[in-house]
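Okay, so here's the structure we're looking at.
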Amino acid sequence: MSNDLHVAIVGATGAVGIEMLRTLEKRNFQVSKLSLLASQRSAGKTLSFKGDSITVQELKKDSFHGVDIALFSAGGGTSKEYAEFAVEAGAIVVDNSSAFRSDEDVPLVVPEINAVDVATHKGIIANPNCSTIVTVMALYPLHLAFGVKRIFASTYQAVSGSGAMGIVELERQIDEIVNGKNTSKKVYPHQIAFNVLPHVDEFLESGYTKEEMKMENEARKIMGLHDFKASVTCVRVPVFRAHSIAVSAEFEKDVSVLEAKKAIESASGIDLIDDVSNCKYPLPIDVAGLDNCKAGRIRKDCALSNGLSFWVVGDQLLKGAALNAVQIAEEVAKL
Ligand code: A2P
């Protein structure tokens, strides 16, 4: 691809879209033209990019003329409806929704793990689920060291994972409670302020949620491990930003905590924070706004043979979404 690329962001006004804009800016992505697209509600608003003010346009079928790379983050319905028009216009789509992740001819990419898969694209490349990305950032280096078989995990997912409205809901409910009012709810089925909800995404007949099964299905595809198993409980917590995941993983080979720590330390995109005697372990309030994920609390699992338990935290708007998408776009630009 040429060095000067016309990039479009679909969902530019959303929680992830704004981070895509900032990430393109921060990483100095070679943008010759930037098209910011959103719903009709946002048409005419302006957003700044590298000192220029860019007007948001309403997303339409013909919005992709001349676009080289289209970053989609406006929900699965919008991706299903508009990605084909972007591809027809000659753009390569990097899609943050779950619309195409399980399609055989759509690579599902975390660049630190399977950047090579980008070259197999047929017009669409999918960005994985946010909790899955954060988990595999820690799990994959451990897999390379010991060979992972299965995991048991619980997520602690921030409200910004539900988009800008999730943030508004938590802020409003805190304000209502502090002022002695009844809480109102629009985004979640229960009060999220001062509560935790064992419910992220829709329930399946199995009793798991769609979000919970993404961990097994998507991690298999990213790591190329077709027998990998994951039993996950996804929990929404009253945290504004950054997802945390508690993982117990079982491996083929004998595990060593020292080797596990070395594996994490030498992997890119993830840092080790593991000094429990000084109360040092990753926290969402510290990781919010950072590109790298952070892992800690690494210990031998006492209930599994060849098992390790660990805690991993990542900013789901960055590595879990916008940053990973821009990293994919960087791989596309190299093709
Ligand atoms: P808008 O701000 O105009 O509603 P979030 O995940 O934070 O809720 O953001 C969703 C993003 O997707 C926003 O930029 C939103 O635009 C955009 N969006 C939602 N529905 C559509 C649609 N039907 N067409 C275009 N953009 C959409």
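Things to note:
- Filter result for Ser98 (under 20 Å from the mean Cα position of the chain (by Cα), surrounded by fewer than 21 Cβ atoms within 10 Å (Cβ to Cβ), in a loop (DSSP other than H, G, I, E, B) and within 15 Å of the ligand (Cβ to nearest atom)): yes
- Residue in the range 258-270 that is free of Cβ contacts under 8 Å to residues at least 12 places away in the same chain, closer than 26 Å to Ala321 by Cα and not β-branched (Val, Ile, Thr) present: yes
- Across the range 175-191, the qualifying residues are those that are of a type in the set (Val, Ile, Thr) and touching a Ser or Thr at 6+ places or on another chain (Cβ under 9 Å), and the one among them that is farthest from Val16 (Cα to Cα) is Ile177.
- Selection of the range 46-79 for residues being within 19 Å of the chain's Cα centre (by Cα) and either among the basic types (Lys, Arg) or assigned to a helix (DSSP H, G or I) (or both) yields Gly76, Gly77, Thr78, Ser79.
- Inside the range 51-71, residues that are more than 9 Å from the ligand (Cβ to nearest atom) and crowded, with 20+ Cβ neighbours inside 10 Å make up a count of 6.
- If the condition is being of a type in the set (Asp, Glu), more than 16 Å from the ligand (Cβ to nearest atom) and modelled with pLDDT of 95 or more, then the range 1-50 contributes only Glu25.
- Residue match in the range 28-39 (condition: in contact (Cβ under 8 Å) with a residue 12 or more places away in the chain, in a loop (DSSP other than H, G, I, E, B) and not polar (S, T, N, Q)): yes
- In the range 131-164, the residues that are in a helix (DSSP H, G or I), touching a Lys or Arg at 6+ places or on another chain (Cβ under 7 Å) and surrounded by fewer than 24 Cβ atoms within 10 Å (Cβ to Cβ): Phe146
- Test: residue in the range 109-119 that is on the phi < 0 side of the Ramachandran plot, within 16 Å of the ligand (Cβ to nearest atom), under 23 Å from the mean Cα position of the chain (by Cα) and not acidic (Asp, Glu): no
- Helices (runs of 4 or more DSSP H) contained entirely in the range 190-302, each with at least 1 residues that are under 16 Å from Gln157 (Cα atoms): 210-223, 284-287
- Complete set of residues in the range 284-310 that are surrounded by 13 or more Cβ atoms within 10 Å (Cβ to Cβ), over 17 Å from the mean Cα position of the chain (by Cα) and not basic (Lys, Arg): Asp286, Gly296, Ile298, Asp301, Leu304, Asn306, Gly307, Leu308, Ser309, Phe310
The values are calculated or read from the model by the stated rules, or taken from the named source; none is laboratory data. Quantities reported herein were computed from a predicted structural model and do not represent experimental measurements. Cβ sites come from the backbone with ideal geometry, for glycine too, and all protein chains shown count toward neighbours.
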